[in-house]
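Visitor: Quick one: structure below, then a few questions.
The numbers here are math on the coordinates, done by the rules we state, and not lab data. As the structure is a computational prediction, the values presented were derived from the model and not from experiment. Note that we place each Cβ from the backbone using ideal geometry, even for glycine, and neighbour counts take in every protein chain shown.
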Amino acid sequence: MSTHTEQVEQIHGATTGTFTKIWFVLLALTGVEVYLCYIQLPTLTMLTLLVGLSVVKAALIIGYFMHLKFERFSLFLTLFPMLIFCILLMLIFLGDATRIPNMRPPS
Amino acid sequence: MSSHVTAAAASAWDGGASPYATNSKKFGMWLFIISDALTFSALLFAYTYSRVSNPDWPKPFDFSPSIIFSSVMTFCLLSSSLTMVMAVHSMNHGNRKSTVKWILATMLGGGAFVVLHATEWMRLINLEHVTASGNPFGVPLFGGTFFAITGLHMTHVIIGVIYLGIICQGVGRGKFKAEDVEVSGLYWHFVDLVWMFVFPLVYLMSARVG
């Protein structure tokens, strides 16, 4: 490997082997998600598991494919705490969503 | 680039020349991605709210073909993300020919996704009679939310394929720098990222089981 290549490798932090491994992990997690959907879990349990797995997948994509793991930490701090905070604020509505089915008059 | 990094390294938070040690194109794309992520999360929250609050929510997605199709679509997008990473990698090494090949592979993955998704839409419209305003399952919101979310995502994929096409022909003709390919890669990975949430929340949560 030439010095130039090593330098680039150093700047960009990950090798093609790492990216291929991440790709395999992402495919495996997708497989787990499809399996979960066929084992008949209660709606909220399944929702929590699926969203949990998707957050892990998102973190892998953002960290490695989108390269954020190798960027300066200040970039992460500027972009993500705000995003996560806004998304968590939207969770406020979810309590109502689970309450509504119980408020239906018995038919 | 390395001198650029060292110049800012001393004073990351003092408003140095480059506090993020990144170029402005890339930072601009990140800002766009964050705002677009909020749009998609609002839509997905609205969908999940309707889904959870309604015990009669329709489950029109059979294992074959819908779940198989959407799993293959997930595979296409994930693989195209890998080829995009390879394109950025080749461009960083100054290899324009292989960059063009990897970008073309990425566009192929995106194209396959769009074709499969369009087939899936036509199946829902023609066979299950789901439209944006009504469906035979008695939950009119299903069609509206489904087509809005997947439609917006498909628009992003189509725009991504066009964007990559422009970058690809430019790279082939010796235009554009490594950072331009990296910025287009960021957009493409974001499209992939959004699908990682649309697939479980819209498809898997409404799979016809048993």
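Visitor: Counting only other chains, and only Cβ atoms inside 10 Å, what mean value do you get across the residues of B:137-150? If you can, show how the numbers build up before the last one.
Guide: On the way: counts 0, 0, 0, 0, 0, 0, 0, 0, 0, 0, 0, 0, 0, 0.
So the per-residue partner count for this stretch is 0.
Visitor: On a 0 to 90° scale, report how tilted helix B:178-198 is relative to the longest principal axis of chain B, with both axes built from alpha carbons and the result rounded to the nearest 10.
Guide: Between the helix axis and the principal axis of chain B, the angle is about 20 degrees.
Visitor: How much net charge surrounds residue B:62 when only other residues with a Cβ under 13 Å from its Cβ are counted (Lys, Arg +1; Asp, Glu -1)?
Guide: +1
Visitor: If you wrap the range A:3-103's Cα atoms in a convex hull and average its projection over all directions, what's the area in nm²?
Guide: Working: hull surface 33.2 nm².
With the hull built on Cα positions only, its mean projection is 8.3 nm².
Visitor: Write down, largest first, the equivalent ellipsoid semi-axes of the protein assembly as shown in whole Å, where each equals the square root of 5 times an eigenvalue of the alpha-carbon gyration tensor.
Guide: One finds semi-axes of 38, 23, 16 Å for the protein assembly as shown.
Visitor: Please give the average number of partner chain Cβ atoms lying within 10 Å of the Cβ of each residue in A:58-70, rounded to a whole number.
Guide: 5
Visitor: If I stretch the segment between residue B:125 and residue B:177 completely, what's the gain in nm (0.36 nm per residue apart, minus their alpha carbon distance), one decimal?
Guide: Net length gain for the segment: 14.3 nm.
Visitor: Using θ = phi - 60° and the Karplus form 6.51 cos²θ - 1.76 cosθ + 1.60, what ³J(HN,Hα) does each residue of the range B:108-120 get, whole Hz, x for Gly and Pro?
Guide: The phi angles translate into 4, x, x, x, 4, 4, 4, 4, 5, 5, 5, 4, 4 Hz.
Visitor: Once the other residues with Cβ under 12 Å from the Cβ of residue A:63 are scored (Lys, Arg +1; Asp, Glu -1), what is the net sum?
Guide: So the surrounding residues net to +1.
Visitor: While we're on this one: How high is the FRET efficiency between residue B:32 and residue A:29 when r is their beta carbon distance and R₀ equals 35 Å, given to the nearest 0.05? Provide the component values of the computation, followed by the final result.
Guide: Numbers: r = 26 Å, r/R0 = 0.76.
Given R0 = 35 Å and the Cβ-Cβ separation, E is 0.85.
Visitor: For the range B:24-206, I need the span (max minus min coordinate) of the C-alpha atoms along each principal axis, in Å, sorted largest to smallest.
Guide: 56, 31, 21
Visitor: By average Cβ neighbour count within 10 Å, what is the ranking of B:103-112, B:49-58 from highest down?
Guide: Packing proxy ranking, top to bottom: B:103-112, B:49-58.
Visitor: While we're on this one: Could you work out the local net charge near residue B:81, counting Lys and Arg as +1, Asp and Glu as -1, over the other residues with Cβ closer than 13 Å to its Cβ? Mind dumping the intermediate values first?
Guide: Details: positive: A:57; negative: B:192.
Residues near residue B:81 contribute 0 overall.
Visitor: What is the average number of partner chain Cβ atoms found within 10 Å of a Cβ in B:185-194? If you can, show how the numbers build up before the last one.
Guide: Working: counts 3, 5, 1, 2, 6, 4, 0, 6, 9, 1.
Per-residue shielding by partner chains comes out at 4.
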